[in-house]
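See structure below.
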2 protein chains.
Amino acid sequence: MSRADRYLRACRKESVDCTPVWIMRQAGRYLEEYRALRAKYSFIETCKTPELAVEITLQPIRRFELDAAIIFADILLPLEKMGIDFEFTKDDGPQINNTVRTWGDVEKMRVMNPMEEMSYLMDAIRMVKRELGGKIPLIGFSGAPFTLASYITEGGGSRNYVFTKSMMYQEPDTWRLLMEKLTDMVIVYLNDQIRAGVQAVQVFDSWVGCLSPADYREFVLPYQKRLMESLDKSAPHIHFAFGASHLLPMVKAAGGDVVGLDWRTDIDEAWKTLNYEPAVQGNLDPVALYGSQDYIMGRVKDILDRVANRNGHIFNLGHGILPTAPPDNVKYMIDLVHELSRR
Amino acid sequence: MSRADRYLRACRKESVDCTPVWIMRQAGRYLEEYRALRAKYSFIETCKTPELAVEITLQPIRRFELDAAIIFADILLPLEKMGIDFEFTKDDGPQINNTVRTWGDVEKMRVMNPMEEMSYLMDAIRMVKRELGGKIPLIGFSGAPFTLASYITEGGGSRNYVFTKSMMYQEPDTWRLLMEKLTDMVIVYLNDQIRAGVQAVQVFDSWVGCLSPADYREFVLPYQKRLMESLDKSAPHIHFAFGASHLLPMVKAAGGDVVGLDWRTDIDEAWKTLNYEPAVQGNLDPVALYGSQDYIMGRVKDILDRVANRNGHIFNLGHGILPTAPPDNVKYMIDLVHELSRR
């Protein structure tokens with residue numbers, strides 16, 4: 001079986017020759033070739049120049065035996081064309097200059113046409129596809145409506161989500177309008193990526209773990225469910241809610257062919273909670289890559305032992321790889337997953 | 001039944017006339033009388049001057065019908081006498097100037113005698129006790145060994161805990177020595193607070209939620225268990241692990257007469273997971289206080305309905321109250337808990 005099939009077969013819970021592996025944020029700062037490019041170009045330039053985005057997308061594929069590529073982009077990019085003014089600070093943290101906190105702010109948000117207004121991304125997808133020549137599948141992605149909403153209400157990252165939750169609790173109609181608009185956008189955005197050529201799409205709900213079950217049920221689930229149901233069925237959908245082990249049954253209810261798991265739940269327990277219905281992706285702690293190779297071996301084995309070669313497991317970290325992770329340990333982990341899971 | 005009994009009876013799962021309530025960080029920045037004091041004194045001065053610590057401890061008790069007071073202090077204070085050099089930045093976030101990352105760093109940490117070296121805190125406890133005159137019980141507290149370890153390895157707050165986990169994964173012997181020393185210290189520190197007069201003690205494991213179950217089991221549980229078992233049994237022990245719904249069975253195994261719950265798990269589900277053995281404290285999202293009174297009413301009712309007046313519930317927020325929380329809503333919530341839970 002070639003790397004062309006392994007990942008997509010696992011997304012569909014079909015048998016594979018060994019467990020496929022990719023890494024969230026695999027194209028990024030932990031690679032010196034990425035840092036070399038970033039010495040010459042700003043983060044936003046690398047995102048918006050197709051040749052650079054293509055190069056960065058391919059960097060980890062050249063180094064490692066990864067089973068999927070993921071297009072290089074940022075989850076905030078589509079917001080720009082909706083009228084959100086943001087920039088990336090020196091450590092690449094996003095800062096939004098016109099926060100969205102009132103009904104009027106939400107009404108002003110534009111409807112965006114990704115195929116035309118984000119042609120740089122669609123071009124990059126087409127170019128990566130040509131480069132990969134069918135040998136490795138390409139994943140597209142978007143932020144989930146809640147995570148995008150939290151960024152633009154808070155003005156960036158947040159610890160307590162006071163503005164986001166205050167909108168829910170004080171102005172639920174404003175919240176609903178915001179979520180409707182973001183959901184509409186994400187549906188078109190991901191379907192356009194599929195039309196441009198990506199073979200799977202991942203929805204990142206990076207900050208939804210701050211919510212109680214009751215709040216998720218009321219303020220997120222209806223939108224996330226509509227989103228997952230509206231995506232083109234020709235490409236598998238990965239639903240990754242970070243820090244959300246307490247929300248797992250509702251993440252399942254929202255949908256996704258594959259559910260992404262962080263490291264906070266043992267993968268066998270989590271998969272059981274999901275009734276083994278979706279495939280699962282995960283779930284090594286990104287900081288495990290800082291351990292000794294003995295430690296990494298122990299953690300990788302533990303995950304694979306818990307999965308016991310059940311069909312439908314994609315190995316990944318439980319969150320994006322960190323900028324100071326040692327590339328040698330990344331290679332060690334990837335090769336180990338393939339070796340230890342060989343059927 | 002007076003406020004003198006309600007809280008301590010609930011800690012012991014005895015019957016009460018209505019559900020007792022207190023608020024984590026109830027003495028703090030959301031109160032204008034606290035901010036007025038802080039305009040004149042630095043945070044560290046307020047902690048180390050018994051008269052000021054007493055005044056701040058009593059401020060929320062004067063305003064609200066709270067069922068317990070908690071001594072005003074900071075979890076980093078005992079580290080000072082162990083040789084850790086820290087300061088509080090303008091937003092009161094801690095910054096440690098001599099991080100602890102090697103065997104040598106850990107070896108250098110001093111054994112501290114809280115009764116003598118933190119006499120300012122012991123004096124404040126005795127003075128608050130006199131002021132309260134037996135009408136309201138006083139809670140003492142400490143950071144848990146893991147949370148203290150993470151502060152001093154990282155140098156402050158952290159998002160990814162790379163240094164903390166790297167020590168676990170690369171230098172487990174160093175980690176064990178660090179945890180042993182901190183555990184020894186916390187045992188003496190809390191037992192000395194009990195000797196000085198506090199009637200209950202809470203252990204805050206604020207950052208332990210970053211760990212996988214396997215890491216908690218190996219690197220935290222043995223120390224946390226020894227700590228909880230070594231505390232003077234004359235005062236109930238509250239064990240609060242924030243963001244740790246995925247670790248709840250092990251939090252229970254570590255021990256505690258009362259287990260604190262954040263808002264990420266419905267309180268009835270969480271209590272069931274705990275086999276209804278410990279009492280529980282929680283679990284309103286602190287941001288709920290920013291909602292309309294209708295919203296607050298709904299959330300308070302939901303928690304009380306789920307508990308259904310089972311003995312052993314102490315109402316609280318699921319984390320410290322936030323500096324911009326509206327005091328009117330705090331009063332509304334406290335009175336509502338008493339009113340709706342009246343037996």
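Taking the longest Cα principal axis of chain B as reference, the axis of helix B:172-196 is set at about 50 degrees.
Efficiency by 1/(1 + (r/R0)^6): what FRET value for A:Asp17 and A:Ser292, r their Cβ-Cβ distance, R0 = 35 Å, to the nearest 0.05? E between A:Asp17 and A:Ser292, to the nearest 0.05, is 0.75. A dipole drawn for the protein assembly as shown from +1 and -1 charges on Cβ atoms has a positive end, and of A:Leu31, A:His237, A:Leu317 the residue lying farthest that way is A:His237. In this calculation the C-beta distance from A:Glu33 to A:Glu180 is compared with R0 = 41 Å, giving a FRET efficiency of 0.50. For A:Phe141, the residues whose modelled amide H falls within less than 5 Å of its own, excluding neighbours fewer than 5 places apart on the same chain, are A:Gln202. At an R0 of 35 angstrom, the distance between the Cβ atoms of A:Asn311 and A:Lys225 translates into a FRET efficiency of 0.85. Of the residues B:Tyr161, B:Tyr189, B:Tyr223, the one that moves most in a GNM of chain B with alpha-carbon contacts below 10 Å is B:Tyr161. For chain B, a Gaussian network of Cα nodes joined below 10 Å ranks B:Glu51, B:Glu116, B:Glu154 by mean-square fluctuation, and the top entry is B:Glu116.
Of all DSSP-defined beta bridges confined to chain A, some 15% are antiparallel rather than parallel. Scaled against the 2.2 N^0.38 Å expected of a compact globular protein of N residues, the Cα radius of gyration of region B:75-195 reads 1.16. Over all other residues within a Cβ to Cβ distance under 10 Å of A:Gly243, the charged ones net out to 0, with Lys and Arg as +1 and Asp and Glu as -1. For region A:1-110, the Kirkwood hydrodynamic radius from C-alpha pairs, put into Stokes-Einstein at 25 °C and a viscosity of 0.890 mPa s, yields a diffusion coefficient of 150 µm² per second.
How many percent of the alpha carbon pairs in region A:212-322 exceed a separation of 15 Å? Value for region A:212-322: 64 percent of Cα pairs lie more than 15 Å apart. The lysines within cross-link reach of B:Lys272, meaning a Cα-to-Cα straight distance under 17 Å and a gap of 8 or more places when in the same chain, are B:Lys13, B:Lys252.
Taking the square roots of five times each eigenvalue of the Cα gyration tensor of the protein assembly as shown, the equivalent ellipsoid has semi-axes of 44, 28, 24 Å, listed largest first. Of the residues A:Lys331, A:Lys225, A:Lys252, the one that moves most in a GNM of chain A with alpha-carbon contacts below 10 Å is A:Lys331.
Each of A:Asp302, A:Asp67 has some number of other Cβ atoms within 10 Å of its Cβ, and from fewest to most they run A:Asp302, A:Asp67.
What separates the A:Leu37 label point from its copies, with the point 7 Å along Cα to Cβ, is 5.5 nm, written shortest first. Only Lys, Arg, Asp and Glu carry charge here, each on its Cβ (+1 for the first two, -1 for the last two); on that basis the protein assembly as shown has a dipole of about 700 debye about its Cα centre.
Sequentially through region A:147-158, phi angles give Karplus couplings (6.51, -1.76, 1.60; θ = phi - 60°) of 5, 5, 4, 5, 4, 7, 7, 6, x, x, x, 8 Hz, Gly and Pro residues having no value and appearing as x. Along its principal axes, region B:257-343 has C-alpha extents of 35, 27, 18 angstrom, given from the largest down. Put a plus charge on the Cβ of each Lys and Arg, a minus charge on the Cβ of each Asp and Glu, and nothing anywhere else: the dipole of region A:3-340 about its Cα centre is then about 300 debye. Against the longest principal axis of chain A, how steep is helix A:50-63, in degrees 0 to 90 to the nearest 10, with axes from Cα atoms? So the inclination is approximately 30 degrees. Of B:Ser292, B:Ser245, A:Ser158, the sequence from fewest to most neighbouring Cβ atoms within 10 angstrom is B:Ser292, A:Ser158, B:Ser245.
The share of Cα pairs per 20 Å bin across chain A, counted from zero up to the longest distance, runs 32, 61, 7 percent.
Only the coordinates and a few stated rules stand behind these numbers; no lab work does. Owing to the predicted nature of the structure, the values given are computational and were not obtained by experimental measurement. Ideal geometry is used to build each Cβ from the backbone, glycine not excepted, and the neighbour counts take in all protein chains shown.
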